[in-house]
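Notes to accompany the following structure.
The values are calculated or read from the model by the stated rules, or taken from the named source; none is laboratory data. Everything quoted here is computed from the prediction, not taken from an experiment. Note: ideal-geometry Cβ built from the backbone for every residue, glycine included; neighbour counts use all protein chains shown.
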Amino acid sequence: MPTYQFEALDPTGQVIRDVIDAPTEEEAHTTIRQMGYFVTKLNVKKSAADGAAGARAKRKKTLAIGGGGLKALTTFTRQLSILQDAGLPILRSLQILEEQQKGGKLKNAIMDTCDNIEAGDTLSEAMAKCPRMFDRLYINMIKAGEAGGALETILQRLADFKERAMSLRRKVIGAMIYPTLVITIAVGILAFIMVMIVPTFEEMFIEFELPLPAATVLLINMSHAIFKLWFLFILIPVGLLVFIILLRQFNYGKVGWDLFMLQIPVIGALVEKNCMARTTRTLATLISSGVPILEALTICRDTAGNGMFERMYSKVSEGIREGEPIAVPLNANCHAIFHPMALFFWLFFGALGGLIVMIIPGDGMPTLGMMISGIGCVAGGLTYVLRMRRRIVDSLIVNMVDVGEETGELDTMLYKVADQYDEEVRTTTDGLMAMIEPMMILFLGGAVGFIVISLFVPLISLMEKLSG
């Protein structure tokens, strides 16, 4: 009969460590419960020979390609909470889920977690050794559940949190797919017309020596620019994307870019509400799970994904260390700040249209491009100055946090704030979709109309000339 080592909590909350003989792990778990203890860890006591045999028999990991996304982790967390609620030992629960899991990062992480638990680690300690799969939020909530003897409850809250985060993410990504697809197809069609169709008309106009109006000359020059400098229209977006990614690796550049994004009309509001919904729900979930407030704020800062919000949560943590309530430093640091890098991006994108015009061949195009760039820089700079001190946290939210602290219901208030921002994200996304669709129609209609008019005006002149 095997011998089991176990750790459990007695009715007073004291940790009990002992061994018990039982035919199976399930019967050992039942016997310990009948003794009045709550089991937190149960392992088979292995000899050195058994340990060597187990190491030899350990299954090989699969090639970690996929299988580690938010959806897979959310499903795993929900299934683990169900198994724990049914009373199964944590190791047995993980083994069941590992057998059901498809090959990938999550399966490998579960296998490592099982091995570490068998070696004597707690669940949180074992998961902490797989940081690529289980982040600080996940590990700290598991640790709080183990300390409070309510692991199944914490897992249910964690599963709920992951499901809400996945739903919000799916909503935002789904809203971006349609306009991105339409714009990509439209740009492809316009590029085909400019490269393949316009040069054919140009040859015909040259053959008949037709005098061309200014719109037709501009269209032909644009066609020449696209045909000769087509690589720039690929290198510039790719280079800009790489530059932004590298810039965000540094805290200074990350804060500047994120401030620029937050100050863009409509888009900035969507980014702000999405970040607020995620961070307030994270903070509420951690506080309700028993995680200390400073640790919870640190986790919120690290998972915010936005430099401005990271700065705000750092200031809130500093204020709490100095003895202030959350609402005071939150209200003091909820405004955007001046940042030279944010101003640079406003000036750059304001001048970008004029820079594109300057590469189009033709008399007066460089001068026109410089004028457009200058106007764009002035407009971008003024926009930044006017929106520089915009609030990123509404005063109503600060008041709700203040009331939550005074009544001892901070987690409840934060959940309400998160629900409100979730709804505002859905509303803003729907409004953005409703606005983008007519704008794309106007853009495509204007582009196609310009091309048709520019090509058919000389054709009409040619028909009149031939009929005469």
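Given the stretch 64-157, what helices (runs of 4 or more DSSP H) lie entirely inside it while holding 2 or more residues that are among the polar types (S, T, N, Q) and free of Cβ contacts under 8 Å to residues at least 60 places away in the same chain?
Working: elements: 70-85, 90-100, 105-118, 123-128, 136-148.
The qualifying helices (runs of 4 or more DSSP H) are 70-85, 90-100, 105-118.
Among the candidates 103, 120, 87, the residue that is under 25 Å from the mean Cα position of the chain (by Cα), at pLDDT below 85 and either closer than 20 Å to residue 6 by Cβ or in the same structural domain as residue 32 (by TED's automatic domain parsing) (or both) is uniquely 103.
Can you pull out every residue in the stretch 372-408 that is among the polar types (S, T, N, Q), in contact (Cβ under 8 Å) with a residue 12 or more places away in the chain and loosely packed, with under 13 Cβ neighbours inside 10 Å?
Kept after step one, since they are among the polar types (S, T, N, Q), are these residues of the stretch 372-408: 373, 383, 395, 399, 407.
When the remaining residues are screened for being in contact (Cβ under 8 Å) with a residue 12 or more places away in the chain, the result is 373, 383, 395, 399.
Passing the criteria: only 395.
In the stretch 295-314, the count of residues that are among the aromatic types (Phe, Trp, Tyr) and crowded, with 20+ Cβ neighbours inside 10 Å is one or more.
Scanning the stretch 304-346 for residues that are under 21 Å from the mean Cα position of the chain (by Cα) and either in a helix (DSSP H, G or I) or without any contact (Cβ under 8 Å) to a residue 60 or more places away in the chain (or both) yields 304, 305, 306, 307, 308, 309, 310, 311, 312, 313, 314, 342. Within the stretch 409-424, being outside any helix (DSSP H, G or I) and touching a residue at least 24 places away in the same chain (Cβ under 8 Å) holds for no residue.
Just checking, does the stretch 43-58 include any residue being at pLDDT 70 or above and of a type in the set (D, E, K, R)? No, the conditions are met nowhere in the stretch 43-58.
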